[in-house]
Structure formats: structure tokens, C-alpha cells
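Here the structure comes first, spelled out in C-alpha cells, and everything after it is commentary.
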Amino acid sequence: MSISIISQIFFAFALIVGFGFFIRNVRKIWRNIRLARPIDRTDRPAERWKLMARVALGQSKMTVRPIAGFLHILVYLGFLIINLEMLEIMVDGLFGTHRAFAFMGGFYDFLIASFEILAALVIISVTVFWIRRNWVRVRRFWLGDLRGWPKLDADIILYIEFALMLAFLVMNAADYYAHQKQGIDLPGAYPVSAYLFTFFQNFSLPALQFLERVAWWFHILGVLFFMNYLYYSKHLHILLAFPNVWFAKLQPKGQFTNLESVKREVEMMLDPSADPYAAPAEPATTEVERFGAQDIFDLNQVQLLNAYTCTECGRCSAECPANITGKKLSPRKIMMDTRDRVEEVGRIIDAKGKFEDDGKRLLGDYITAEELWACTTCNACVQACPINIDPLSIIIDLRRFLVMEESAAPMELNLMMQNVENNGAPWQFNNADRLNWAD
């Protein structure tokens, strides 16, 4: 069996394993998101498609910080467009060809030249990002909630992107100079690699051919590794940002949702024709409806999608007035804690086939009441998020549980609600005395 056939078989095996693990992880994410309550977010589809095109694809909210936004767009577009060459690599790997798309002629020259320029821009951009994180030490990258794995993960992503782009350029340069030594013109144009690695012309032909193969395999295996690393990384937003923005809340940011159970009770109280002793319109269930949220099962599916999509960029916490003034609240931590709890529940399901109560809850074991009550509900975190994640909705649902299920509101809030109940106003005097100030 020739080396070429063995290489093709190994390549096919690598693709099957890589995509197999990827599909397995995607299915696991889908299963975990469905642990939450369903929610209908399919209204106003035309508006949702426009929002997704503008925010997820067009990166419109990233440019609030122009320099970081521009560099992020370069990395985003560069990484996606360059990996279009993966199509050619897959054809070459499966069928034993070399530069299978070279038949495109001048358009192929344009593509390869564009890929190289973008690869160089990606390398420059991730280098700047690394400097901002580790030398300039931008505050939001050094907050307490980003220590340990989240901090390391952010650097690992930069290293991987740098290495993959460098391997792409090395592969092209080695191939270019190997063809030159044989007196053959290599299809494509190489405005970066041919000039960045001019010292390759001093290498022997076998060394160049070996280097080209090493870089080629490193690039394809690196992309497959990166694809599966996404599940464990904050860079999962590369995939989930699009559905996350599409399913985002379209109502005004200051508009909170009503609890349907409470809404039904109020409507019945205000309806003079309602019979309070009538049988319920819907069949009764054995499950007791909970007010607010204590664990991930009480949240809705979009909120869990938000948690998985979080980029951990910290723009939400950097804008949060509570966080800025030293309070314990960090909207980024709210999302990271929610995702950690979802993953913990998922591991229990993986091990036992179903969820068995582990005695833990999102509220208390991951997110404390102190964090929740520090929130001013100003929506700064929602406005700041570049992919329309809504940490405030989780905070509100957890606070609703504290108030309505455990009567655990702060004393000031309890006093205000008591005054509303007794006096019809938040102040501690009755209705008859309201206009005394006018005298």
C-alpha cells in the first residue's frame, strides 16, 4: 500500500473522528439547553433576520470601541474566509490531489492572495489582543471572575489562531519555493509568504517538501482540534452568536415580562364575571409552578443559550455601575455561573442517564443573593453585550424566586411593598394624608 493511500485513509479517519466528536458535542449542548422551559421567540421574523445580519454577521456592536472592534472584525472575517481553503484541503486529502482548485486560474490567484493577506492581518490582530490582555492589562480582562481557566482559555484561543495562520503561510511558502527549485510555476499568488519566508530558498527540495507536508497536516488537524475545542471554550460564540441574536428579546430593554401564573390570578380578580370556583381551563399537572427561578430548570431555553454563547469579553461588567463601584455583582459571572451549572447537570445526566438531584442550585451555590440585589436593573449590561445576551433576565428571575417563594427581599424592599399593600403607595402614610403637603 502506497504512502499516498495511507495518507488518504488517515485523513478520512481524522475527518470522521473530528466531525463525529463535534456533532456529539453539539447534540449535548442542544440537550442541555432543552432542560430549561420552552419559550416562543419566533415573532417578527423579518426584524429578527435583520438584527442577526447587523449584530452577529455585521459586528455592529463591536465597533463601539473602534480599535478593538476593527481588529475583532479582521480576526472574525479572516479566520472564516481563510478556512474556505479547507474545502480544497479536504478534496486534496481525500483524493490525493494537490491544489485541486487551481483550475480556477486567475480567480484562484486572487483567492490565495486574499487568504494570505487576511492571514497576516489575523496574526497582527491576535498579537495586539494578546498585548492588550497581558501587557496593557485592560481592566475587564483582570477582574476576579476571569481568573483560572477563563483567563487561560482566552490566551489559548489566541495561541491557536496565531499558530493556524502561521502554519497556513509556512505551508504556502514551502510549496512555493519547492516548485521554484523544480522550475515549475505554483498556481496561486503568494504576496505574503513568498516574501516573509525568503530564507526558505536556502532549504533543499526534500526539506521544503517535508516542511510543506508538516504545515499542511498541522493546519488541517489544528482546525479539527479547534472545532472540537470550541465546546470547552468561550469561543463557542463563533457558532452560537447567530441563533442567540435571532432569538434575542425585541421588546424595549426596560420592559419586564409578566409571570403568567400571577397574571392569571390578577385578571380573575379584576374580572367581575369570573367564577373563582370554576375548574381550571387547562388540565392540572402534578408539577407545582414555581415563581421565578431557583435552578436552571426554571429558566427559559433562550437564557441557557445566552449562557453558552457568552464570550466572556467583560463589556457587560465594565459598564455595570454596581461592579464599577465595588459591589459583588458581575454580569459576566452571572452568565459563566449559569453555564457552569448547566454543564454540571449535563455531566450528571451523562453519568447516570438522567438527572438526579445533587443538592445544588444555581441560586445559592453559584449565584448569591448579595450579587442579585446589587443590580440596579439599568440594562447597561444588556446594551453593552456585542451579541445581545441578557444577564438581567436571569437576575430578575432569581430575584423573583427570593421575593415570591422565600420572602427573602431586603428590608427596604419589604417595607416598600408593605406600604403599597396597606397604603396604595410606597410611602409610610395613608391615602388621606397624601395631599397634606399642599397645605
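The values are calculated or read from the model by the stated rules, or taken from the named source; none is laboratory data. Fair warning: this is a prediction, and the values are worked out from it, not measured in the lab. Backbone-built Cβ (ideal geometry, glycine too); neighbour counts: all protein chains shown. The protein model used for the area step is the full one, side chains on, heavy atoms only, and it has no ligands, DNA or RNA in it. Shrake-Rupley method; radii C 1.70, N 1.55, O 1.52, S 1.80 Å.
The table below lists the values:
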item	result
For q = 0.15 Å⁻¹, Debye-computed log10 I/I(0) when each Cα of the stretch 342-398 counts as one equal scatterer	-0.61
Relative contact order, percent, the chain [alpha-carbon distance under 8 Å, six or more residues apart]	19
Cβ-placed point charges (K, R +1; D, E -1), dipole of the stretch 143-183 about Cα centre in debye, nearest 20	140
Within the chain, longest stretch clear of exposed GluC sites (Glu not before Pro) (DSSP loop, no more than 15 other Cβ within 10 Å)	1-286
Amide hydrogen neighbours beyond the local backbone of Asn300, cut-off 5 Å, H modeled	Arg37
Length released on extending from Asn258 to Thr127, taking residue separation times 0.36 nm less the Cα-Cα span	42.5 nm
Estimated FRET transfer efficiency (Asp271, Ile349; beta-carbon r; R0 30 Å; 0.05)	0.10
Of (i) 20.9, 74; (ii) 29.3, 118; (iii) 27.9, 104, the label for Rg and Dmax of the Cα atoms in Å derived from the coordinates	(iii)
Sum of side-chain charges, Tyr190 neighbourhood, beta-carbon under 11 Å (Lys, Arg +1; Asp, Glu -1)	-3
Estimated distance in nm for a label pair at Ile39 and Lys249, the labels positioned 7 Å out from Cα along Cα-to-Cβ	0.7
For Ser233, solvent-accessible area (1.4 Å; no DNA, RNA or ligand), Å²	10
Whole-Å distance, taken between Cα centres, linking the stretch 1-76 and the stretch 321-341	25
Förster radius 25 Å - calculated FRET efficiency between Leu15 and Leu143, Cβ distance, rounded to 0.05	0.05
Gain in span if fully extended, Asp439 to Ser114, counting 0.36 nm per residue against the direct Cα distance	109.2 nm
Accessible surface of Ser114 - all protein chains present, 1.4 Å probe, nearest 10 Å²	30
Efficiency of FRET from Cβ geometry, Ala207 and Ile6, R₀ 30 Å, rounded to 0.05	0.85
Sequence of Arg213, Arg54, Arg399, Arg341 from largest to smallest accessible area, 1.4 Å probe	Arg54, Arg213, Arg399, Arg341
Radius 12 Å from Cβ of Arg65, net charge of other residues (Lys, Arg +1; Asp, Glu -1)	+3
Cα-centred dipole magnitude for the chain, charges only on beta-carbon of K, R (+1) and D, E (-1), debye, nearest 20	1140
Selection from Ile387, Pro426, Gly326, by position along the positive dipole direction of the stretch 322-439 (Cβ)	Ile387
222 nm mean residue ellipticity, helices alone, for the chain (DSSP H n ≥ 4; -39,500 (n - 2.57); rounded to 500)	-18500 deg cm²/dmol
Potential extension, Ser60-Val26 segment - 0.36 nm per residue separation minus Cα distance	9.5 nm
Partnerless Cys - the chain, beta-carbon criterion under 4.7 Å	Cys310, Cys313, Cys320, Cys375, Cys378, Cys385
Rough spin-label spacing in nm, given labels placed 7 Å along Cα→Cβ, for Ala53 and Ile67	3.3
Relative contact order (percent, whole number), the stretch 181-331, Cα cutoff 8 Å, 6+ residue spacing	26
Dipole magnitude of the stretch 68-138 about its Cα centre (Cβ charges: Lys, Arg +1; Asp, Glu -1), debye to nearest 20	500
Exposure of Val138 as accessible area (Å², to 10), given a probe of 1.4 Å and all protein chains	40
